[in-house]
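I have placed the structure first, in the form of structure tokens, so that the comments after it can refer back to it.
The values are calculated or read from the model by the stated rules, or taken from the named source; none is laboratory data. All values derive from a computational prediction rather than experimental measurement. Quick reminder, even Gly has a Cβ in these numbers, built from the backbone with ideal geometry, and neighbours come from all protein chains shown.
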Amino acid sequence: MRAYADELRQMFRQIQDSGLELHARAQTVQITEKSRDGLVSVTVNARGELVRLDLDPRVYRRPDARLLADTITQTTHRAVARAREQVMEIFEPVIPRAELQAHLDGDVEAALARLADRMEGKA
């Protein structure tokens with residue numbers, strides 16, 4: 001328990017020392033991803049929010065709304081995954097990847113389980 005408390009103190013000091021810089025870096029993350037056919041381009045920010053959507057005019061040659069919607073969705077999901085990965089890489093020096101991932105997933109059970117494991121010296 002004491003070792004975990006010391007580890008937490010050290011992690012908080014690191015976050016305090018470099019947290020603002022890391023946060024600023026994470027805020028600037030923008031990822032652009034193109035669809036496999038190159039006709040759709042999406043840009044998302046660090047939070048996975050859509051910043052820009054570009055459609056090549058050739059997309060209208062195939063009037064298939066379902067295919068276009070699926071292409072936009074798939075391309076956006078790939079961009080969001082890359083943005084998330086970049087944010088995790090930025091914070092990895094001060095926050096363990098698994099804990100940050102659980103936090104980003106909103107997975108309270110996993111975050112609490114990791115906390116309990118670390119308190120018991122299992123992680």
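Does E21 qualify as being acidic (D, E) and not in a helix (DSSP H, G or I)? Judged against the criteria, E21 is not a match. Among all residues of the stretch 80-88, there is at least one that is under 30 Å from G38 (Cα atoms), in contact with a helix residue (DSSP H, G or I) (Cβ under 6 Å, 6 or more places away or on another chain) and not small (G, A, S).
In the stretch 27-42, the residues that are charged (D, E, K, R) reach residues that are at pLDDT 95 or above and assigned to a loop (DSSP other than H, G, I, E, B) with C-beta atoms within less than 9 angstrom, at least six apart or across chains, in these pairs: D37/D56.
Of the residues making up the stretch 22-41, those that are under 30 Å from L100 (Cβ atoms) and surrounded by fewer than 18 Cβ atoms within 10 Å (Cβ to Cβ) are H23, A24, R25, Q27, T28, Q30, T32, K34, R36, S41. As a summary of the residue check, T43 satisfies the conditions (1) more than 29 Å from E92 (Cβ to Cβ); (2) in contact with a helix residue (DSSP H, G or I) (Cβ under 9 Å, 6 or more places away or on another chain); (3) of a type outside the set (D, E) except for the one numbered (1). Would you confirm whether or not the stretch 41-52 contains a residue that is in contact with a Lys or Arg (Cβ under 6 Å, 6 or more places away or on another chain) and hydroxyl-bearing (S, T, Y)? Yes, there is a match, as at least one residue in the stretch 41-52 is in contact with a Lys or Arg (Cβ under 6 Å, 6 or more places away or on another chain) and hydroxyl-bearing (S, T, Y). Just one of L39, L53 is over 23 Å from V87 (Cβ atoms) and either touching a Pro at 6+ places or on another chain (Cβ under 9 Å) or at pLDDT 95 or above (or both); which is it? Result of the check over L39, L53: L39.
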